[in-house]
């Protein structure tokens, strides 16, 4: 019985650590994309983008990423670049 409880506790602990690490990594990525956006002349805005795009700061250089129906969309942070430019992760407004 003690081995089963120890196993369950280990599994729960592993899941919690995985969630914490994931949140830390994603927050760091978002923060670096926020800085990259503003450092290259963009503004951070919230937009409704396709759920298939994933998380925050989708590339604005590709058409259709934020053009899905409401039921297939979710709100994410995006980078709005100056006219004639678009945002690419890890590069900024180009």
Open item on the list: Would you confirm whether or not region 78-88 contains a residue that is surrounded by 15 or more Cβ atoms within 10 Å (Cβ to Cβ), out of contact with any strand residue (DSSP E or B) (no Cβ under 8 Å at 6 or more places or on another chain) and at pLDDT below 95?
Closed with: yes
- [ ] Select from region 45-56 the residues that are touching a helix residue (DSSP H, G or I) at 6+ places or on another chain (Cβ under 9 Å), surrounded by 17 or more Cβ atoms within 10 Å (Cβ to Cβ) and either within 19 Å of residue 32 (Cβ to Cβ) or at pLDDT 95 or above (or both) and list them in ascending order.
- [x] 56
Task: Filtered residue count, region 57-68, keeping only those that are surrounded by fewer than 13 Cβ atoms within 10 Å (Cβ to Cβ), in contact with a strand residue (DSSP E or B) (Cβ under 8 Å, 6 or more places away or on another chain) and within 16 Å of residue 93 (Cβ to Cβ) - done: 0
Task: Matching option when the condition is modelled with pLDDT under 95, farther than 15 Å from residue 74 by Cβ and not in a helix (DSSP H, G or I), among 22, 59 - done: 59
TODO: Would you mind stating whether residue 38 is more than 16 Å from the chain's Cα centre (by Cα) and at pLDDT 95 or above?
DONE: yes
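The values are calculated or read from the model by the stated rules, or taken from the named source; none is laboratory data. Please read all numbers here as calculations on a predicted model, not as lab measurements. Cβ: placed from backbone, ideal geometry, glycine included. Neighbour counts: every protein chain shown.
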